[in-house]
């Protein structure tokens, strides 16, 4: 197997200010050092915080909530709106959630018990700023 030097990145986890790390090279090509990297749709940061990933999924969900609102304005039924939410929006919010919020997987089945569907339908009726959700 050959390693593609242009696609290979280096990330040093934890505090890097206290150490002087040697420059990593492959076949004489230095590797790019990154502080955040997207791997399999999940953002990993060198400080092991989840802000970058959470900002990404909330902005993605907000844009999809806009489409949900447009579907509501087009006259789709509540069951269709709920189907759109559970098949398009909820997977974005739940993807890799056990990594950044381990207890969330225990509470997701309870959250889908009807309260979420009522919230989604009510949110479509009001002029909610979905970017703040």
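The values are calculated or read from the model by the stated rules, or taken from the named source; none is laboratory data. Quick caveat, the model's predicted, so the values are computed rather than measured. Here the Cβ positions follow ideal geometry from the backbone for every residue, glycine too, while neighbour counts run over all protein chains shown.
Filtering region 14-37 to residues that are surrounded by 11 or more Cβ atoms within 10 Å (Cβ to Cβ), within 23 Å of residue 96 (Cα to Cα) and out of contact with any helix residue (DSSP H, G or I) (no Cβ under 8 Å at 6 or more places or on another chain) leaves 34, 35, 37. Taking region 64-88 as the range and being touching a residue at least 60 places away in the same chain (Cβ under 8 Å) and under 24 Å from residue 42 (Cβ atoms) as the test, the residues that pass are 65, 66.
Yes/no per residue for (1) in the same structural domain as residue 98 (by TED's automatic domain parsing); (2) in a helix (DSSP H, G or I); (3) surrounded by 12 or more Cβ atoms within 10 Å (Cβ to Cβ); (4) under 17 Å from the mean Cα position of the chain (by Cα):
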position: 44; (1), (2), (3), (4): no, no, yes, yes
position: 63; (1), (2), (3), (4): yes, yes, yes, yes
position: 67; (1), (2), (3), (4): yes, yes, yes, no
position: 71; (1), (2), (3), (4): yes, yes, yes, no
position: 76; (1), (2), (3), (4): yes, no, yes, no
